[in-house]
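The values are calculated or read from the model by the stated rules, or taken from the named source; none is laboratory data. Small disclaimer: the values here were computed from a predicted structure and weren't measured. Here Cβ is always computed from backbone atoms with ideal geometry, including for glycine, and neighbour counts include all displayed protein chains.
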Amino acid sequence: MKLSATEFREEKNKAITLLGMSGVGKTFLSNILRNSDWFHYSGDYRIGSRYLNEPILDNIKKQAMQVPFLRELLRSDSIYITNNIAFENLAIMSTFLGKIGDPELGGLSLEEFKRRQKLFYDAEYAAMFDVPEFMLKAREIYGLDHFVNDAGGSLCEFDDESVIEMLAENSLILYIQANDADEKRLIERATAAPKPMYYRAQYLDEQLEIYMQENNLEYVSMIVPDDFVRWVFPRLFYARIPRYESIAKQYGYTIKTEDLYQIKNETDFLQLVEKSLNEQNPSF
């Protein structure tokens, strides 16, 4: 959605989609807006609570069935398992997504890893197409006029542009661009605590081949899961930047992390958006 600053200011039902790497500040900003009566739609929460809920629980049950005490309780329906996913705690979804490599170190086989990656892709696709419905729910059920779509960092990985086109038709896309210091911080954080990630299938195959050649590994099962994530994260980070920038250039706008972190309330945010629209809308 391309708007002038005036059009944005006068929009009765403002809708924003936040785009950028995990950790860049999307949820930080969403929480500020939620405190000002914006509806906060978390893509990752929707994925975990709706579209991956059953696969997540099946995975937990498989692990529980390996413990004799829990196995008997599950078989007799004496206990049940549910997930407690929350906007601020998506660990259970990360655990399901997993890491590739040595099973003795908690790694997944290539086949199982790709299966879960495909499930996540399909889930994120569906969750993004739920956005218009939740925009309507926000107004009709909760009485909230404004909407922020806190999208996952992998949104840029869709080769099917219909997702982005749909979001652009229904919301103002804002790409949060990290400066050099923030890029370094995000990479250092990922290195210190490597987390599961989504990779496009072709990109994963390419990077696995390079990694295994560099480390003289013959089989995927020889990969140390955390080592691969540490190695691949900076490469993935910089591979995603031009994809984010392309989306912002064609469909939306860019705000910088140094400006984002100065935001304290809704007014600050709206002023930043209007400033960005004025600077990036030469035709208006």
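T267 falls short on exactly one of the conditions (1) of a type in the set (S, T, Y); (2) in a helix (DSSP H, G or I); (3) touching a residue at least 60 places away in the same chain (Cβ under 8 Å), and that condition is (3). Among the residues of region 193-220, those identified as farther than 26 Å from F158 by Cβ, of a type outside the set (D, E), surrounded by fewer than 16 Cβ atoms within 10 Å (Cβ to Cβ) and modelled with pLDDT of 95 or more are Q213, N215, N216, Y219. The set of residues in region 1-34 being more than 19 Å from K264 (Cα to Cα), charged (D, E, K, R) and either free of Cβ contacts under 8 Å to residues at least 12 places away in the same chain or crowded, with 18+ Cβ neighbours inside 10 Å (or both) consists of E7, E10, E11. Criterion applied to Y203, Y238, Y198 was being in contact with a Ser or Thr (Cβ under 8 Å, 6 or more places away or on another chain) and within 23 Å of I187 (Cβ to Cβ), and the one residue passing it is Y198. Given the structure, is L186 under 23 Å from D259 (Cα atoms), under 19 Å from the mean Cα position of the chain (by Cα), buried (at least 16 other Cβ atoms within 10 Å of the Cβ) and not polar (S, T, N, Q)? Taking the combined requirement at face value, the residue satisfies it. Restricting region 69-114 to residues that are charged (D, E, K, R) and not in a helix (DSSP H, G or I), the residue that is surrounded by the most Cβ atoms within 10 Å (Cβ to Cβ) is K99. Restricting attention to region 56-68, the residues that are surrounded by 14 or more Cβ atoms within 10 Å (Cβ to Cβ) and touching a helix residue (DSSP H, G or I) at 6+ places or on another chain (Cβ under 6 Å) total 3. Of the residues I210, I223, the single one that is of a type in the set (A, V, I, L, M) and out of contact with any Gly (no Cβ under 8 Å at 6 or more places or on another chain) is I210. Go through region 1-19 and give me each residue that's modelled with pLDDT under 95, of a type outside the set (K, R), over 18 Å from L136 (Cα atoms) and not in a helix (DSSP H, G or I). Selection gives L3, S4. For E245, state whether it is touching a residue at least 60 places away in the same chain (Cβ under 8 Å) and within 25 Å of Q262 (Cβ to Cβ). Spelling it out, E245 is indeed touching a residue at least 60 places away in the same chain (Cβ under 8 Å) and within 25 Å of Q262 (Cβ to Cβ).
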